[in-house]
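Scroll down for the structure; my scribbles are underneath it.
Readers should treat all values here as calculations from the given coordinates under stated rules, not as data from a laboratory. Just so we're clear, the structure is a prediction, and the values are computed from it rather than from any experiment. Virtual Cβ from ideal backbone geometry, glycine too; neighbours counted across all protein chains shown.
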Amino acid sequence: MPKNAWLKVRETLAKRIGKNNYTSWIEPLQLTTLEDGIARFDVPTTFFGDWVSRNFSDHILALLNAEGHPVGRAEFTVPAQSAANAISAPEKPAAAKPVKALKSAQRRSDDELPGATLDARFTFDSFVVGKPNELAHAAARRVAEGGPVTFNPLFLYGGVGLGKTHLMHAIAHELQARQPHLRVLYLSAEQFMYRFVQALRDKQIMDFKEIFRSVDVLMVDDVQFIAGKDSTQEEFFHTFNALVDQNKQIVISADRAPGEIKDLEDRIKSRMQCGLVVDLHPTDYELRLGILQQKAEYYMAQYKGLQISGGVLEFLAHRITTNVRVLEGALTRLFAFASLVGREITLELAQDCLADILRASDRKLTIEEIQRKVAEHYNIRLSDMIGPKRLRNIARPRQVAMYLAKQLTLRSLPEIGRRFGGRDHTTIMHGVRKIEELMTSDSQLNDDLQLLRRLLQS
Ligand code: ADP
Ligand code: MG
């Protein structure tokens with residue numbers, strides 16, 4: 001009986017987690033008992049069981065429950081050993097096992113690799129390209145073509161929720177579709193460390209090395225995680241070098257540029273900088289609107305009959321500037337709420353339903369902050385921003401600050417004038433106009449403004 005349920009669960013899992021994951025991790029599982037709310041499985045190695053436990057046990061439990069078997073826990077045991085070695089048991093140093101155990105679990109190792117599960121939604125198709133991410137997108141596309149390695153590694157960096165993971169998954173999907181024989185391994189730096197530590201503990205470090213050195217494409221997400229973790233960094237460095245030597249593509253992501261990751265070894269930093277380093281800039285209004293439109297289209301198809309009034313998406317793109325994840329969350333909530341109450345999505349509904357998110361996004365930029373950043377950028381004193389000097393190398397930055405104050409805050413001209421040492425509102429207006437005029441011809445000024453805007457709004 002339980003076996004039948006397990007067969008059904010396996011079928012569903014195969015569809016849900018993809019063929020590679022299924023053959024690597026689910027097929028080798030042997031269900032032994034389904035009693036007392038516990039599903040017990042035999043697994044080839046402790047490491048294997050641990051991995052399945054971390055990555056798939058929620059799936060497995062949910063599906064077993066759906067099949068009518070009330071289970072709340074899954075245990076994975078290496079059969080030759082006592083039950084005390086079950087993964088869910090308290091930490092216990094694992095006994096040495098035959099080194100080949102892990103390998104045999106992956107005997108169909110041709111294209112099955114123990115990476116993290118890829119999110120099926122993170123494809124190039126669903127990635128909206130705009131100015132802030134066009135370079136990163138182009139580089140990712142290039143890698144996804146799978147041609148000769150032209151830059152190694154591709155290093156993607158940027159703030160939270162700007163699409164790094166999305167792009168990496170998209171590369172993996174695309175590579176797998178185009179060249180199914182390629183061994184593409186994607187995992188987070190945290191998983192890398194975790195597997196490394198496990199391999200050390202289980203005395204399977206040779207297997208570990210072999211797996212990582214035999215891939216065609218290695219992608220490690222959020223590499224800043226290994227900063228300060230010395231032996232993991234060491235191992236990562238060797239893996240990295242071995243792959244680069246074989247001319248295998250590596251893709252890395254981090255929340256900041258290689259040189260800015262604290263406690264990352266210098267030799268790793270410099271290796272990272274050898275490839276192509278591209279950043280994902282904070283989103284701009286157009287990109288946010290594009291993402292919202294794409295999402296809204298999807299939801300409209302899901303929740304048939306829902307209406308959305310004009311201007312709502314524009315409002316959200318304008319007001320929620322933090323990151324894409326928050327933006328998506330807002331839209332998801334909005335559609336769920338509207339379908340629940342059966343109302344059209346209007347501006348009022350959005351304001352009601354998203355009050356907390358809108359409030360949190362409402363970080364008020366002050367004129368002082370603008371003055372400080374602009375002064376820093378042009379290397380002048382903050383006091384000169386406010387003071388009376390009329391030299392051009394001071395007056396121009398001052399006008400830039402006036403312009404940005406007008407653009408980025410809701411202050412009136414007289415209010416801005418007061419913060420600039422009690423200047424008249426006509427002086428501020430003149431400054432703003434001057435910059436607007438110069439902007440059309442002065443590309444350096446344009447670059448400055450863009451950079452400053454980004455710094456101030458991030
Ligand atoms: P990061 O890894 O940089 O923190 P993620 O890749 O996890 O960010 O992105 C966060 C969320 O925002 C994901 O749901 C992702 O699909 C979405 N997202 C980010 N950028 C874009 C984009 N340009 N187009 C569509 N969705 C995006
Ligand atoms: Mg990420």
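Observations, loosely collected:
- Listed by chain and number, the lysines placed with their C-alpha closer than 16 angstrom to that of K304 are K295; residues fewer than eight positions away on the same chain are left out.
- Summing Cβ point charges (Lys, Arg +1; Asp, Glu -1) relative to the Cα centre of the range 378-458 gives a dipole of roughly 280 debye.
- Checking the Cα-Cα distances for K389/K434; K131/K373; K203/K229; K8/K209; K373/K434 against a 25 Å cut-off, the pairs over it are K8/K209.
- With R₀ set to 56 Å, the beta-carbon distance separating R16 from E437 gives a calculated FRET efficiency near 0.45.
- Counting every pair of alpha carbons in the chain, the share spaced more than 38 Å apart comes to 41 percent.
- Computed over the alpha carbons of the range 2-88, Rg followed by Dmax gives 11.8, 33 Å.
- Straight-distance candidates among the aspartates and glutamates for linking to K364, with alpha-carbon spacing under 16 Å and chain neighbours fewer than 8 residues away dropped: D356, E415.
- Counting every other Cβ atom within 10 Å of each residue's Cβ, T232, T45 order from fewest to most as T232, T45.
- Across the chain, the relative contact order, built from alpha-carbon pairs under 8 Å that are at least six residues apart, equals 11 percent.
- Evaluated at q = 0.13 Å⁻¹, a Debye calculation over the C-alpha positions of the range 296-361 (equal weights, vacuum) places log10 I(q)/I(0) at -0.30.
- Taking the range 299-328 and a reference point 7 angstrom along Cα→Cβ of E344, the backbone N atoms nearer than 17 Å belong to 300, 304-315.
- Candidate aspartates and glutamates for bridging to K3, where Cα separation is under 14 Å - those fewer than 8 sequence places away on the same chain excluded: E11, E27, E35, D42, E67
- Neighbourhood net charge (13 Å Cβ-Cβ; Lys/Arg +1, Asp/Glu -1) for L438: -1
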